[in-house]
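**Q** Provided herewith is a single structure, encoded as structure tokens, for subsequent inquiry.
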Amino acid sequence: MHTKKGCEKICGKGNLTFNRRDFAGSFKEIFEEGFTAAHIIAGFEKSGIFPPTEAPAVSYLLKKKPKTRKAIDPALSSLLPAENRFPMASDTARDVSNRYHDILSSPTHRGLEAVQKIVSEAIVLEYIVKKHVANRQERIEKRYHQRKRGKRGRPVGDYFHNISLEELREQQAEFIEAGAKSEQRSQLRNIRSFAIRQMEEIKAEWQQKKEVIVDGVEKKMRFKQWLEHTKRDVEYASLDASRAEISSQLK
């Protein structure tokens, strides 16, 4: 309608022929009269864009809400590794060695001993990883809550304010190296402490079960005899070797 009125108005002025400039100006006038704010808002209202409402967002959230409340499949938890998988493997290897000691061949015995060593190493590594993660989380929280303070570069040379970029880099490298050595020694001490605790647990078990029945006769065994009788001599020797090796590294 507005386009028709604009054309009639222009034609009424006698402008029956148009050059490019006249056509562009007339078209701009027709466009501005035909597309007013009222027409644009009316189009937005018909399409639902205007006025803005929370209905689309609410409907979308309502559709998503049942998905968030969906129960987790219990079968998924069975796919996770068990917390006691390493101790269980160690106990199983020891039980197999004790029950079938007489019928197993020598290569099989050596294989079971290798399995016990590997499981012992896995237990130690798992303990180290958990200790390291907990220690790292504790240090992060401590660093986060620590008061932030500025640090100054250490002056070198003949002047108090004189310090070079190379000196700063060397100081930073020394600081990083010292921190890495300290962290490594801390991990080694944790491994040694764990090995010592495992050895003490074995000794405590021997104190409780040193009376053993052999050939129908109750016999009080010494610690070394008890280890050989219970097939735990390999495990204890591996822990003792680890403890000695780490102690030599910490010297």
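**Q** Please enumerate the residues belonging to the range 111-136 that are basic (Lys, Arg) and surrounded by 12 or more Cβ atoms within 10 Å (Cβ to Cβ).
**A** Lys117, Lys131 - these are the residues of the range 111-136 that are basic (Lys, Arg) and surrounded by 12 or more Cβ atoms within 10 Å (Cβ to Cβ).
**Q** I'd like to verify a number: residues in the range 142-196 that are in contact with a Leu (Cβ under 8 Å, 6 or more places away or on another chain) and modelled with pLDDT under 70, how many?
**A** Summing the residues that are in contact with a Leu (Cβ under 8 Å, 6 or more places away or on another chain) and modelled with pLDDT under 70 in the range 142-196 gives 1.
**Q** Is it fair to say Thr92 is at pLDDT below 75 and among the polar types (S, T, N, Q)?
**A** No.
**Q** Can you give me the number of residues within the range 198-222 that are assigned to a helix (DSSP H, G or I) and either touching a Gly at 6+ places or on another chain (Cβ under 8 Å) or surrounded by 12 or more Cβ atoms within 10 Å (Cβ to Cβ) (or both)?
**A** Count: 6.
**Q** Within the range 188-197, is there a residue that is part of a helix (DSSP H, G or I), loosely packed, with under 14 Cβ neighbours inside 10 Å, outside the structural domain of Ala93 (by the TED database) and within 41 Å of the chain's Cα centre (by Cα)?
**A** Checking the range 188-197: at least one residue is part of a helix (DSSP H, G or I), loosely packed, with under 14 Cβ neighbours inside 10 Å, outside the structural domain of Ala93 (by the TED database) and within 41 Å of the chain's Cα centre (by Cα).
**Q** What are the residue pairs meeting all of these: first residue in the range 172-194, first residue over 19 Å from Glu121 (Cα atoms) and without any contact (Cβ under 8 Å) to a residue 24 or more places away in the chain, second residue of a type in the set (A, V, I, L, M, F, W, C) and surrounded by 10 or more Cβ atoms within 10 Å (Cβ to Cβ), Cβ atoms under 9 Å, and 6 or more apart or on different chains?
**A** Taking only residues 6 or more apart or on different chains, not a single pair turns up.
**Q** Go through the range 195-249 and report how many residues are out of contact with any strand residue (DSSP E or B) (no Cβ under 9 Å at 6 or more places or on another chain), of a type in the set (D, E, K, R) and free of Cβ contacts under 8 Å to residues at least 24 places away in the same chain.
**A** 12
The values are calculated or read from the model by the stated rules, or taken from the named source; none is laboratory data. Predicted model only: the values in this text are computed from it and were never measured. When we count neighbours, we look across all protein chains shown, and the Cβ atoms used for this are built from the backbone with ideal geometry, even at glycine.
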